[in-house]
Structures are given as C-alpha cells and as structure tokens.
1. For segment 165-381, what is the relative contact order in percent, using Cα pairs closer than 8 Å and at least 6 residues apart in sequence?
2. Taking the Cα centre of segment 238-383 as origin, sum charge times position over the Cβ atoms of Lys and Arg (+1) and Asp and Glu (-1), and report the length of that vector in debye to the nearest 20.
3. With every atom except the alpha carbons ignored, what do you get for Rg and Dmax of the chain, in angstroms?
4. Along the charge dipole of the chain, Cβ charges K/R +1 and D/E -1, which of Ala266, Val243, Asn215 sits furthest on the positive end?
5. Towards the positive end of the charge dipole of the chain, with charges on Cβ (+1 Lys, Arg; -1 Asp, Glu), say which of Thr201, Thr177, Ser189 has the farthest Cα.
6. Within segment 301-363, which GluC sites (Glu not before Pro) sit in a loop by DSSP and count at most 13 neighbouring Cβ atoms inside 10 Å?
7. Of all alpha-carbon pairs in segment 165-381, indicate the percentage at a distance above 22 angstrom.
8. Magnitude of the Cβ-charge dipole of the chain, K/R +1 and D/E -1, about the Cα centre, nearest 20 debye?
Amino acid sequence: MTETDGWVRTWGAAPQAPGAAVAALEPFADATLRQQVRISGGGRRVRVRFTNEYGTAPLTIGAARLAPAGTGHPLTFAGRPTVTVPPGAPILSDPLDLPLPALARLDISLYLPGHVASCTVHGRPVRAGWIAPGNAVLAPTPPADATPLPARALLAAVEVLPDGPATTVVVLGDSITDGFGSSPDADHSWPDRLAERAAQTGRAVHVVNQGISGNRLLNGGHGDAALARFDRDVLATPGLGHVVLAIGLGDLAISYAPRGDDSPLAGFLTMFPGGPVTADDVIAGYRQLTARAREHGVRVCAATLTPYERDDMFSSGGETARTAVNAWIRGSGAFDAVLDFDAVWRDPERPARTRDGFHADDVHGNDAGYRALADSIDLSLFR
C-alpha cells in the first residue's frame, strides 16, 4: 500500500445548487464559516473535500482549519494555506497526520476573503454551524457577531486513511435518508445509527449519507436526480464497497399526487419538473444504478419504499405503484440484499401508513422510527 492508497470516505453531504429548493446563503465576502461533522469510522490520517461544484465564479479559500476535541490544525492545499477553486470543481485538502477514533466530532472552519455570490450547499445542516465576519478560523467559540448557517456550505466530505482494511457504505436516498424529522443536532438519521452500530461492534465499516431531502430517482428538482448524481456522489467515493439504494418514493408520490389549481399541493408540485413516472420507470432506474455500480465491483442493497398514506400526496394509484416496486425489490433477485424498511415501518392494521410511534409527520420518521430502520439491518452484509 502506498501513501495514496487505502483512503475511505467517512462522512459526506451531497452537494446541491443554491436556489428555491434549499435554504441558500445570501452573497457574502470576508467571512468565516464553521461547521461540525461526526465521522463514522476512524483513521490515522484525514483530509477534507470542499466543493465549488455549483459555484459561478472561482472560490478563494484564505485559510482552513480542522479542530477535533478542542484542538486545532491548519489545512493546506499542495502545501499552501490558500487556494482558489475553479467553478464546477471540488478540492481536497492535503492529508493531515491525525489519529481519529470512530464517531469523532470535527469542527471545520473556512475563511473566504473574496465575494461568494453562489455558494454550493447541502440543504439540511443537521449539525449547527455559523458564519462570522472576517477571519475567525482560530476562534474557540462563535464570535458575538456570528449568525447561524441555514445549510451546509462548501463542505462535501471527510476522508480518512484507516489502520487496516475498511469499506465504505454509501446510502443514496431522499429526505428519509437525510434524516428529516429527526432531532436537530443529534445525529439521529438512520445512517447515523448504522454507523454507531458498526463502531460499537468494532467493524471497519464507514457509512456515508448521500441523501437529499426532496430528491428523486429519475427527475431533478431538489438536487440533481439520483441517476444524474450517482457517479459523483457514489461511484467516486474512496473505499466504496457497498451502496444502499433508498430512493423512489418521491418519484411515485409526486407523479400520482392529486392535482388541480385549487389543490393545496399546487405550489409545492411546481418545484418538481418532469413528466409523471410509473412503477416500471422506477424499476428501470434501479436497474440502471445497479448495472453502473456492478461495473465498479460494488455490492448493491435496496430498501423498500416506506408507507405514506397520511400525506396530502397520497393516492390509490401511488400506493399501487409503491406496492408494485416493493414487490419487485423483494422478489426480483436484482440486488445483493434487500432492506425491508416497509416491513419495519408499516402499521399491521393499515399497511399503507407508518405505525404510530415511528413517524414525525406524514412521510418521515422520528428518532425511534429511524433507529428501528438502522437496527433492522444485518451488519454482516457489509464485509
């Protein structure tokens, strides 16, 4: 193994374009951004992937710092403390020799001296962050003039060099994967809980959450469609061994949702372009992702689509399509494993809806619901 081999991704947030679909940052200049992440698995070296992939102009990083457990370490780029990232591009920091345990929390700071008009984001911050005027990368706590960050900003991934063989599991999904409905700043999405279970058993399994709230398999709207972002968000992942496909419910729910000018959904549905899709279309999309993953030697798991009867988008046609997709996921033999999330969440008396105690709203889980999904997964699948 050379010094450039063996890297694995241990945390991620799928990049999105700023706009109406996400809580975008207003243009700013001469400011520091600080964000906290919790990695999944540990390692002896670490590097950070920043992103200007939806930026419209070059992005200058004037200083960057990584601070675990109250300490601080400057990040460099080709040995220099500053770098300019072209629009449309990501950038990796230089590796930092820093032993990190599984589930370590990291504060990552960026000083941006120039004008940032279009900031690549991830729509759900999950852990609190802040933005403050000037260069505050050394500040131990938020300055008095700091304000909260409404979204992840310019931060795409953390990668580590583990002490031995390890694998990364990437979860490609929508808001249920993203953890919408779970307690804020608590790391209670189901991929977070899966990472905790792996760490507790000593498995060298790193879990990366590439969910985007409102994302769909076949069409864009809230983030690029899963088919469009699959190479970047999944196949380009260092150490990738497994992908979990947990997407498609939004495609069907939106396609079959009640429509009409007087519908309460009329304004909401305008954020989702593209024509209606069928169960067969979603199945074809799954086949595409599976074929592309297997070209890279990646094992593929699929999660069944969870109930949504309480939601305004529910319809009998959508439920028929959801049931058909789930039957295919369970019985087709197309996947290396099936995660039957529908069976975990459905109400035995009303299988089209989520059982009481597991839902935060009409679609999404609460902390208990997400924990139940993660706890239902056989960790031996990820070898």
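Taken together, the values in this text are just the output of simple stated rules run on the coordinates, not laboratory data. Quick caveat, the model's predicted, so the values are computed rather than measured. Every residue, glycine among them, receives a Cβ derived from its backbone with ideal geometry; neighbour counts consider all protein chains shown.
1. Numbers: 416 pairs, mean separation 51.5, N = 217.
Computed over segment 165-381, the figure is 24 percent.
2. Here segment 238-383 has a charge dipole of around 620 debye.
3. 20.5, 63
4. Val243
5. Towards the positive end, the residue furthest out is Thr201.
6. Working: sites: Glu309, Glu319, Glu349; in loops: Glu309, Glu349.
Sparse-neighbourhood loop GluC sites (Glu not before Pro): Glu349.
7. Above the 22 Å cut-off, segment 165-381 has 47 percent of its Cα pairs.
8. Rounded to the nearest 20 debye, it is 900 debye.
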